[in-house]
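The block underneath contains the structure these notes are about, expressed in structure tokens.
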Amino acid sequence: MILQPLFFYLFSFVCVGAAFMVIAARNPVHSVLFLILAFINAAGLFILLGAEFLAMILVVVYVGAVAVLFLFVVMMLDVDFAELREGFLQYLPVGALVGIILLIELVLVLFGTIVAPESVATGAAPTPPVEEVSNVAAIGALLYTRYIFFFQMAGLVLLVAMIGAIVLTLRHKEGVKRQSIAAQVARDPATAVEVVDVESGRGLSG
């Protein structure tokens, strides 16, 4: 029984520390690596909660795809982060205000669970027992019934983010020949083929 609390505190402390290093690291590549570490420890917490499907999704999707995509974009864009840090003081009041609001919300949630622990159980959606249905089936039943509209909105947000990433990373270099399907279709034999009459025994001359 002592192993579960031990692993919980281990995963929690490492996850919080990795999350802090994501915003504290000077090198953006190191920030992405710390983000991967935070994802893996969060997956460990999901396993302790009995949500093995969410843990697998967190590792396969976020670590295997999203975090690697972040790393690829950071290394490909070659952003001048020294120039970005010059305007840090300009946005410091807004960032501090957002941070204080988030801190107040976290404190209210923490004290709400301490004062009224029964509110946590009443706020969660009821799930069938593990013996009746698997974890994957229970999550799918909730996503495609009660939370179907939120699920569709999340898909639209991801679609917009994907289009934005493509637009930001698309660069047209000058002097590079590109395929023009319309020009290829409009070609005729007169412009596409050159017939050369070569005498017997002689090759083509430059």
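The values are calculated or read from the model by the stated rules, or taken from the named source; none is laboratory data. None of these values were measured; they are calculated from a predicted model. With ideal geometry, Cβ positions are generated from the backbone for all residues, glycine too; neighbour counts draw on all protein chains shown. The area values use the complete protein model at the heavy-atom level, side chains included, leaving out ligands, DNA and RNA. Shrake-Rupley method; radii C 1.70, N 1.55, O 1.52, S 1.80 Å.
A few comments on the model shown:
- In segment 1-16, the residues that are more than 11 Å from Phe39 (Cα to Cα) form Cβ pairs under 6 Å with partners that are assigned to a helix (DSSP H, G or I), at six or more places apart or across chains, as follows: Phe8/Leu48.
- Residue check, Val66 at pLDDT 75 or above and either assigned to a loop (DSSP other than H, G, I, E, B) or under 18 Å from the mean Cα position of the chain (by Cα) (or both): yes
- Subset of segment 46-55 (residues that are assigned to a helix (DSSP H, G or I) and either in contact (Cβ under 8 Å) with a residue 60 or more places away in the chain or crowded, with 18+ Cβ neighbours inside 10 Å (or both)): Phe46, Glu52, Phe53, Leu54, Ala55
- Checking each residue in segment 131-188 for being open to solvent by 60 Å² or more (accessible area, probe 1.4 Å), touching a residue at least 12 places away in the same chain (Cβ under 8 Å) and of a type in the set (A, V, I, L, M, F, W, C) picks out Val136, Leu168.
- One residue alone among Val22, Val61, Val32 is surrounded by fewer than 16 Cβ atoms within 10 Å (Cβ to Cβ) and within 16 Å of the chain's Cα centre (by Cα), and that residue is Val61.
- Scanning segment 88-95 turns up no residue that is of a type in the set (A, V, I, L, M), modelled with pLDDT of 80 or more, assigned to a helix (DSSP H, G or I) and farther than 30 Å from Thr169 by Cβ.
- When segment 111-126 is filtered for residues that are modelled with pLDDT of 55 or more and open to solvent by less than 100 Å² (accessible area, probe 1.4 Å), the ones remaining, listed by number, are Gly112, Thr113, Ala116, Pro117, Ser119, Val120, Ala121.
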